[in-house]
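The values are calculated or read from the model by the stated rules, or taken from the named source; none is laboratory data. Note that the structure is predicted; figures quoted are calculated from it, not measured. Cβ: placed from backbone, ideal geometry, glycine included. Neighbour counts: every protein chain shown. The area values use the complete protein model at the heavy-atom level, side chains included, leaving out ligands, DNA and RNA. Shrake-Rupley method; radii C 1.70, N 1.55, O 1.52, S 1.80 Å.
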Amino acid sequence: MAMDLITTNTSSGASTSVFTSSIDSTYPLYIFVGTNIGPGTDNATLYFDASTDGGSSYGVTATNNSTRSYAYEATGNAFGYASYHLNQSDSSWTLAVSMGNAADEGSAFLLYLFNPSDTTYVKHVICQSNDVHMGDAHFKYLTNGYFNTTSAINAIKFKPSTGVFDTTIKMYGVK
């Protein structure tokens, strides 16, 4: 399996990180790797959206589910269903919740987008994120689902729920 770095978006104080080119039929799998995601405000949620028109509009209908595990520094850990799911909704997908903005907080993620250029089948997605919560806890989210469209997905946008964020997101193609 060959993994090729296609592009890197490094943002400081940005309201979005957008990939509007190079998501095409070249690769059957695209992997987005987000590191050093630091929101400008405490208690920020990290979202992503897909587009079928090159980024002119976002909000492709999707269904997904999420689980989370977490460990608070002072009180222990737990595992359970996360309520950040979509049921045939055009809302944004949730990647991380309640991120803190201190130097020892923030998030990182992996997002797998399968066959985005296929015009026969839906587009499957697997996400994994790790974030240090503003309440001194580590959260791990696992989200998987699909974009319910046979149109090609050709743009992806990452954004915080409020304000701005600092981030580095790399897009890889895998053959």
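If I filter region 68-77 down to residues being touching a strand residue (DSSP E or B) at 6+ places or on another chain (Cβ under 6 Å) and surrounded by fewer than 18 Cβ atoms within 10 Å (Cβ to Cβ), which single residue comes out as nearest to Thr16 (Cα to Cα)? Lay out the reasoning, then the answer.
Of the residues in region 68-77, the ones touching a strand residue (DSSP E or B) at 6+ places or on another chain (Cβ under 6 Å) are 68-72, 77.
Still in the list and also surrounded by fewer than 18 Cβ atoms within 10 Å (Cβ to Cβ): 69, 71-72, 77.
Working: Ser69: 27, Ala71: 29, Tyr72: 29, Asn77: 32 Å.
Within region 68-77, the match that is nearest to Thr16 (Cα to Cα) is Ser69.
Among the residues of region 82-100, count how many are open to solvent by 70 Å² or more (accessible area, probe 1.4 Å) and either under 15 Å from Thr149 (Cβ atoms) or not in a strand (DSSP E or B) (or both).
Taking region 82-100 first, the residues open to solvent by 70 Å² or more (accessible area, probe 1.4 Å) are 83, 87-88, 90.
So of that shortlist, the ones also either under 15 Å from Thr149 (Cβ atoms) or not in a strand (DSSP E or B) (or both) come out as 88, 90.
Adding up the residues that qualify gives 2.
One residue is enough: does region 75-87 have a residue meeting the conditions at pLDDT 90 or above and of a type in the set (Gly, Ala, Ser)? Give the steps one after another, and end with the answer.
Pass one, region 75-87, residues at pLDDT 90 or above: none.
Scanning region 75-87 turns up no residue that is at pLDDT 90 or above and of a type in the set (Gly, Ala, Ser).
What's the total number of residues in region 8-20 that are part of a strand (DSSP E or B), of a type in the set (S, T, N, Q) and either surrounded by 13 or more Cβ atoms within 10 Å (Cβ to Cβ) or under 16 Å from the mean Cα position of the chain (by Cα) (or both)? I'd like the intermediate steps shown before the answer.
The first filter runs over region 8-20 and keeps only residues part of a strand (DSSP E or B), leaving 8-14, 17-19.
Retained after the next criterion (residues that are of a type in the set (S, T, N, Q)): 8-12, 17.
With either surrounded by 13 or more Cβ atoms within 10 Å (Cβ to Cβ) or under 16 Å from the mean Cα position of the chain (by Cα) (or both) added as a condition, the list becomes 8-11, 17.
Going through region 8-20 one residue at a time, the tally reaches 5.
Does Asp4 qualify as being in contact (Cβ under 8 Å) with a residue 24 or more places away in the chain, surrounded by fewer than 17 Cβ atoms within 10 Å (Cβ to Cβ) and either assigned to a loop (DSSP other than H, G, I, E, B) or small (Gly, Ala, Ser) (or both)?
Details: in contact (Cβ under 8 Å) with a residue 24 or more places away in the chain: yes; surrounded by fewer than 17 Cβ atoms within 10 Å (Cβ to Cβ): yes; either assigned to a loop (DSSP other than H, G, I, E, B) or small (Gly, Ala, Ser) (or both): no.
Taking the combined requirement at face value, the residue does not satisfy it.
Do any residues in region 152-175 that are under 16 Å from Leu111 (Cα atoms) and in contact (Cβ under 8 Å) with a residue 40 or more places away in the chain have Cβ atoms under 6 Å from those of residues that are charged (D, E, K, R) and open to solvent by 40 Å² or more (accessible area, probe 1.4 Å), where the two are at least six apart or on different chains, and which pairs are they?
Gly173/Asp4
I want to confirm something. Restricting to region 146-161 and keeping residues that are of a type in the set (A, V, I, L, M) and assigned to a strand (DSSP E or B), which single residue is nearest to Ile31 (Cα to Cα)?
Here the answer is Ile156.
When the residues of region 157-175 are narrowed to those that are open to solvent by 40 Å² or more (accessible area, probe 1.4 Å) and β-branched (Val, Ile, Thr), which ends up nearest to Met3 (Cα to Cα)?
Val164
Kindly indicate whether any position in region 57-76 is free of Cβ contacts under 8 Å to residues at least 40 places away in the same chain and either among the hydrophobic types (A, V, I, L, M, F, W, C) or under 21 Å from Asp131 (Cα atoms) (or both). Walk me through it before giving the result.
Of all residues in region 57-76, those free of Cβ contacts under 8 Å to residues at least 40 places away in the same chain come to 57, 59, 75-76.
Going one step further and asking which of them are either among the hydrophobic types (A, V, I, L, M, F, W, C) or under 21 Å from Asp131 (Cα atoms) (or both), we end up with 75-76.
Yes.
All but one of (1) part of a loop (DSSP other than H, G, I, E, B); (2) under 20 Å from Pro28 (Cβ atoms) hold for Tyr112; state the number of the condition that does not hold.
Unmet for Tyr112, out of (1) part of a loop (DSSP other than H, G, I, E, B); (2) under 20 Å from Pro28 (Cβ atoms): (1).
Looking at Thr143, is it under 15 Å from Gly59 (Cα atoms), of a type outside the set (Gly, Ala, Ser), open to solvent by less than 50 Å² (accessible area, probe 1.4 Å) and assigned to a strand (DSSP E or B)? Even if it seems obvious, please write down each step before you answer.
Values: under 15 Å from Gly59 (Cα atoms): no; of a type outside the set (Gly, Ala, Ser): yes; open to solvent by less than 50 Å² (accessible area, probe 1.4 Å): yes; assigned to a strand (DSSP E or B): yes.
No, not satisfied.
Could you look through region 140-166, keep only residues that are closer than 13 Å to Met99 by Cβ and of a type in the set (Phe, Trp, Tyr), and pick out the one that is modelled with the highest pLDDT?
Going through the qualifying residues, I end up with Phe158.
For region 53-67, give me each residue that is of a type in the set (Ser, Thr, Tyr) and touching a strand residue (DSSP E or B) at 6+ places or on another chain (Cβ under 7 Å). Outline the logic, then answer.
First, pick out the residues of region 53-67 that are of a type in the set (Ser, Thr, Tyr): 56-58, 61, 63, 66-67.
Passing the criteria: Ser57, Tyr58, Thr61, Thr63, Ser66, Thr67.
Taking region 29-62 as the search range and keeping residues that are open to solvent by 30 Å² or more (accessible area, probe 1.4 Å) and assigned to a strand (DSSP E or B), which one is nearest to Asp104 (Cα to Cα)?
Among them, the one singled out is Asn36.
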